[in-house]
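Participant: Following this message is one structure expressed as structure tokens.
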Amino acid sequence: MKIYTKTGDQGITSLLGGVRVPKSDLRIDAYGTIDELNSYLGLLRDQEVNKKRADFLKEIQDRLFTIGADLATVPGKDKVKKPDLHKEDVEHLEQEMDIMDAQLPMLTAFILPGGHQSVSFCHLARTVCRRSERIVVELASLEPVSDLVIQYLNRLSDYLFVLGRKMAQELEVEEVTWKPRL
């Protein structure tokens, strides 16, 4: 099987369910941004500091593929076979956040992204997650989108924030707090 099909050479692509749409369609932007986020998750998973979290980060990547498949499906095409997201997936993110948060100092100020390259990668993933959430919310204002997809993305961005803090702690780098110039 060849990787290229030439069917998108005119700027049109197919959704799961057979409908062809422009590659600029908001639905394509939504799952394309999820794909970008998934790539950042792979980068995070490859960081030495996340070795013990690699399996959980891989699980998140799997959920992102699930979300991508959901977003790539024509609304109302219920017969399309695709994986699904569960409420427990959101709860699992919350549980992992609670474990990390219990080991972190209380947050008393905004934190500037950075301090270590690995932590910076985490903040990049967090901001791409927020962007994907905004795009999906916009899509949901126009077409049906699972509420669980939006919840998962919202919780994932929170998880990535806490993960960045935990990574900084484990790497023994100081969190740089924002001190506004007033």
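Participant: Scan Ser141, Ser132 and give me the residue that is exposed (fewer than 13 other Cβ atoms within 10 Å of the Cβ), within 25 Å of Asp70 (Cα to Cα) and either of a type in the set (S, T, N, Q) or touching a Lys or Arg at 6+ places or on another chain (Cβ under 6 Å) (or both).
Facilitator: Ser141
Participant: I'd like the residue in the stretch 1-53 that is acidic (Asp, Glu) and more than 30 Å from Met167 (Cβ to Cβ) and, out of all such residues, is surrounded by the fewest Cβ atoms within 10 Å (Cβ to Cβ).
Facilitator: Asp9
Participant: Same structure, new question: Let me confirm something: among Asp70, Asp62, Asp84, Asp78, which residue is at pLDDT below 95, in a helix (DSSP H, G or I) and within 18 Å of Leu148 (Cβ to Cβ)?
Facilitator: Result of the check over Asp70, Asp62, Asp84, Asp78: Asp70.
Participant: While we're looking at this one, here's another question. For the condition more than 14 Å from the chain's Cα centre (by Cα) and modelled with pLDDT of 95 or more, what is the one hit in Ala125, Ala140, Ala109?
Facilitator: Just a single option satisfies the conditions, and that option is Ala140.
Participant: If I ask for residues that are over 8 Å from the mean Cα position of the chain (by Cα), in contact (Cβ under 8 Å) with a residue 24 or more places away in the chain and either within 18 Å of Val119 (Cβ to Cβ) or not in a helix (DSSP H, G or I) (or both), which ones from the stretch 27-42 would you list?
Facilitator: Answer for the stretch 27-42, where residues must be over 8 Å from the mean Cα position of the chain (by Cα), in contact (Cβ under 8 Å) with a residue 24 or more places away in the chain and either within 18 Å of Val119 (Cβ to Cβ) or not in a helix (DSSP H, G or I) (or both): just Tyr40.
Participant: Something else about it: Which one of His116, His123 is of a type outside the set (A, V, I, L, M, F, W, C) and in contact with a helix residue (DSSP H, G or I) (Cβ under 6 Å, 6 or more places away or on another chain)?
Facilitator: The conditions single out His123.
Participant: Right, next: Of Val49, Val21, which residue is among the aliphatic types (A, V, I, L, M) and assigned to a helix (DSSP H, G or I)?
Facilitator: None of the others qualify; the one that does is Val49.
The values are calculated or read from the model by the stated rules, or taken from the named source; none is laboratory data. Please read these numbers as outputs of a predicted model, since none were measured by experiment. Every residue, glycine as well, gets a Cβ built from its backbone with ideal geometry; the counts of neighbours run over all protein chains shown.
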